[in-house]
Amino acid sequence: MILDEKQKKHLLEHINKVWKDPVVCSICKGTKWDLADKIFELREFNGGSLVIGKNSIIPVIPIICRKCGKTHFISAINTGLIDSNDSKEKDTKKE
């Protein structure tokens, strides 16, 4: 899901509120990060099979170190960009 301008602003405000000090990368000690403008899904592993519907999905936004690529994930639910019930409602409608 691509974030619109209002969502991007909300996300930046959230990040600035929770990351008080400059975050130093634990791998390369870099301090410059890129914030994705999309929400991605982490899916529950099901033995290599793609299961649509009744499996766990965590909506996340990647934050990537510019120097080495180490990636942190921020919960799109905790940021307030997604309601925790949204994905459950969509899965139910598909069945």
Residues of region 81-95 classified as exposed (fewer than 12 other Cβ atoms within 10 Å of the Cβ) and either modelled with pLDDT of 95 or more or not charged (D, E, K, R) (or both), total: 3
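Considering only region 34-51, how many residues are hydroxyl-bearing (Ser, Thr, Tyr) and in contact with a strand residue (DSSP E or B) (Cβ under 6 Å, 6 or more places away or on another chain)? Before you say what the answer is, go through the steps one by one.
Here is the first cut: in region 34-51, the ones hydroxyl-bearing (Ser, Thr, Tyr) are 49.
This time we only want the ones that are in contact with a strand residue (DSSP E or B) (Cβ under 6 Å, 6 or more places away or on another chain), so: none.
Number satisfying all stated conditions: 0.
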Going through region 37-62 in order, the residues found to be at pLDDT 95 or above and of a type in the set (A, V, I, L, M, F, W, C) are Ile39, Phe40, Val60, Ile61
Looking at (1) touching a strand residue (DSSP E or B) at 6+ places or on another chain (Cβ under 8 Å); (2) at pLDDT 90 or above, which one does Asn78 not meet, given that it meets all the others? (1)
Going by what's in this entry, would Ser56 be described as within 15 Å of the chain's Cα centre (by Cα) and loosely packed, with under 15 Cβ neighbours inside 10 Å? yes
Return the pairs, sorted by first residue and then second, in which the second residue is in a loop (DSSP other than H, G, I, E, B), the first residue lies in region 12-30 and is closer than 17 Å to Thr71 by Cα, the beta carbons are less than 6 Å apart, and the residues are 6+ apart or on different chains. Pro22/Thr31; Val24/Thr31; Cys25/Lys70; Ile27/Cys68; Ile27/Lys70; Cys28/Lys67; Cys28/Cys68; Gly30/Lys67
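The values are calculated or read from the model by the stated rules, or taken from the named source; none is laboratory data. Everything numeric here is computed off the predicted structure, so don't read it as measured data. Glycine gets a Cβ as well: all are built from the backbone with ideal geometry, and neighbour counts include every protein chain shown.
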